[in-house]
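**Q** For reference, the structure I am asking about is given below.
The values are calculated or read from the model by the stated rules, or taken from the named source; none is laboratory data. Keep in mind that this is a model prediction, so the values were computed, not measured. When we count neighbours, we look across all protein chains shown, and the Cβ atoms used for this are built from the backbone with ideal geometry, even at glycine. Ligands, DNA and RNA are stripped out before the accessible areas are found, and what is left, the full protein with its side chains, is counted by its heavy atoms. Shrake-Rupley method; radii C 1.70, N 1.55, O 1.52, S 1.80 Å.
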Amino acid sequence: MLSGSLVAIVTPMFEDGSVDFASLDRLVDFHIESGTSSIVAVGTTGESATLTVDEHLQVVESVIKRAAGRIPVIAGGGANSTHEAIALTREAKRLGASHVLSVVPYYNKPTQEGLYQHFRAIAEAVDIPVILYNVPGRTVADLGNDTALRLAEIDNIVGLKDATADLERCCDLVKRAPKDFALFTGDDATAMAFMLCGGHGVISVTANVAPKQMADLCRAALAGDVKAARAINNPLQDLHRNLFCEANPTPVKWALERMGHIAGGIRLPLVPLTPAGQAKVEAALVAANLI
């Protein structure tokens, strides 16, 4: 079972918006050296919504090639078209991804039965471990716990990323999910509490800029060491909050640029971080002793 700090890695870009593969290679090495458990390529934080299909697959392939088996690589493979999601999942398997992260279909507002049939069709079409991704703040549709647990009965649906930040809901999943079904939060601010309640890890935005700290936090929380987990988490709290002061991944890409890891490119309709946002993220980086 995957566990610990899984980074939802950014897709570095030059100022003209083209993908900066050299910086992406350096980020992969940075995460592996810092103790990150796994890399999620081309998720929301990787700007999946504005990469072309060819770019999407090139980024996944690049991350897999650079990781070279040192840690697992999870490929973003979701879509609001079941046909397209199956096609992306097939490509993820072909490229050598260890798992695929499949987001709840957005915009078309499927029912719970529609969600079940969507994910079942993906799992039955491609023999690769599938991690469900529920983020109703972006998709509108919300994968209910009962539906997620129904899907957990399918052999190659192996986990869930829950980005609701609802700890009561997460505790219900911990209580009722099969023991081998991995439960990840997608919310850094509640990640420590989620793991102390029995979750298995976090698919993290904060880990982009503080990979060692997030890896150490996960290690402590999963071991039930509350004192150590709190000591690690406290300096990160401003980052957890302010990396979402504007639409993700705008703040985290600015933070990585400020730290000297990447250039400042981001794609429309997202725009560069405002001066007010820069001040918040700068202060959070200082509080976390990252600059």
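**Q** In this structure, is Asp225 acidic (Asp, Glu) and open to solvent by 30 Å² or more (accessible area, probe 1.4 Å)?
**A** yes
**Q** Could you count how many residues in segment 19-44 are touching an Asp or Glu at 6+ places or on another chain (Cβ under 8 Å) and in contact (Cβ under 8 Å) with a residue 60 or more places away in the chain?
**A** Of all residues in segment 19-44, those touching an Asp or Glu at 6+ places or on another chain (Cβ under 8 Å) come to 19, 35.
When the remaining residues are screened for being in contact (Cβ under 8 Å) with a residue 60 or more places away in the chain, the result is 35.
So the answer is 1.
**Q** List pairs: first in segment 76-98 and within 21 Å of Lys161 (Cα to Cα), second acidic (Asp, Glu), Cβ under 8 Å, 6+ apart or cross-chain?
**A** Gly77/Glu91; Lys93/Asp127
**Q** Could you identify the single residue in Glu61, Glu47 that is of a type in the set (Asp, Glu), touching a Pro at 6+ places or on another chain (Cβ under 9 Å) and in contact (Cβ under 8 Å) with a residue 24 or more places away in the chain?
**A** Glu47
**Q** How about segment 253-279: which of its residues are within 14 Å of Ser23 (Cβ to Cβ) and in contact with a Ser or Thr (Cβ under 8 Å, 6 or more places away or on another chain)?
**A** Selection gives His261, Ile262, Ala263, Gly265, Ile266.
**Q** Output the residues belonging to segment 33-69 that are of a type in the set (A, V, I, L, M, F, W, C) and closer than 13 Å to Ala207 by Cβ.
**A** Ile39, Val40
**Q** In this structure, is Val28 over 27 Å from Thr139 (Cα atoms) and either in contact with a helix residue (DSSP H, G or I) (Cβ under 8 Å, 6 or more places away or on another chain) or not in a loop (DSSP other than H, G, I, E, B) (or both)?
**A** Yes; evaluated as a whole, the condition is true for this residue.
Condition check ((1) out of contact with any Cys (no Cβ under 8 Å at 6 or more places or on another chain); (2) open to solvent by 60 Å² or more (accessible area, probe 1.4 Å); (3) over 29 Å from Pro272 (Cβ atoms); (4) among the β-branched types (Val, Ile, Thr)) across all residues:
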{"position": "Thr206", "(1), (2), (3), (4)": "yes, no, no, yes"}
{"position": "Met214", "(1), (2), (3), (4)": "yes, no, no, no"}
{"position": "Arg241", "(1), (2), (3), (4)": "yes, yes, no, no"}
{"position": "Glu257", "(1), (2), (3), (4)": "yes, yes, no, no"}
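**Q** Restricting attention to segment 195-211, and to residues there that are free of Cβ contacts under 8 Å to residues at least 60 places away in the same chain and over 19 Å from Pro235 (Cβ atoms), which single residue is nearest to the chain's Cα centre (by Cα)?
**A** Here the residue is Gly199.
**Q** Among the residues of segment 115-173, count how many are assigned to a strand (DSSP E or B) and either open to solvent by 50 Å² or more (accessible area, probe 1.4 Å) or touching a His at 6+ places or on another chain (Cβ under 6 Å) (or both). Full working, then the answer.
**A** Filtering segment 115-173 down to residues assigned to a strand (DSSP E or B) leaves 130-134, 157-162.
Of the ones still in play, those that are also either open to solvent by 50 Å² or more (accessible area, probe 1.4 Å) or touching a His at 6+ places or on another chain (Cβ under 6 Å) (or both) are 131.
Summing the residues that are assigned to a strand (DSSP E or B) and either open to solvent by 50 Å² or more (accessible area, probe 1.4 Å) or touching a His at 6+ places or on another chain (Cβ under 6 Å) (or both) in segment 115-173 gives 1.
**Q** Pairs under 8 Å by beta carbon, first residue under 21 Å from Ala207 (Cβ atoms) and among the acidic types (Asp, Glu) in segment 253-274, partner open to solvent by 10 Å² or more (accessible area, probe 1.4 Å) and part of a loop (DSSP other than H, G, I, E, B), six or more apart or different chains?
**A** Listed by first residue and then by second, the contacts come to Glu257/Ala263; Glu257/Gly264.
**Q** Mind checking which residues of segment 63-78 are assigned to a helix (DSSP H, G or I) and out of contact with any Leu (no Cβ under 8 Å at 6 or more places or on another chain)? If you could, list the steps in order and put the result at the bottom.
**A** Looking only at segment 63-78, we keep the residues that are assigned to a helix (DSSP H, G or I), and these are 63-67.
Of everything in segment 63-78, those that are assigned to a helix (DSSP H, G or I) and out of contact with any Leu (no Cβ under 8 Å at 6 or more places or on another chain) turn out to be Lys65, Ala67.
**Q** Those residues that are open to solvent by less than 20 Å² (accessible area, probe 1.4 Å) and either assigned to a helix (DSSP H, G or I) or β-branched (Val, Ile, Thr) (or both), I need them from segment 42-55; list them, please.
**A** Val42, Thr45
For every residue, the table says whether it meets (1) in a helix (DSSP H, G or I); (2) open to solvent by less than 20 Å² (accessible area, probe 1.4 Å); (3) of a type in the set (Val, Ile, Thr).
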site	(1), (2), (3)
Thr11	no, yes, yes
Leu24	yes, yes, no
Glu33	yes, no, no
Val40	no, yes, yes
Gln58	yes, no, no
Glu61	yes, no, no
Asn80	no, no, no
Leu88	yes, yes, no
Arg94	yes, no, no
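**Q** Ala193 versus (1) at negative phi; (2) out of contact with any Leu (no Cβ under 7 Å at 6 or more places or on another chain): which is the lone unmet condition?
**A** Exception for Ala193: condition (2).
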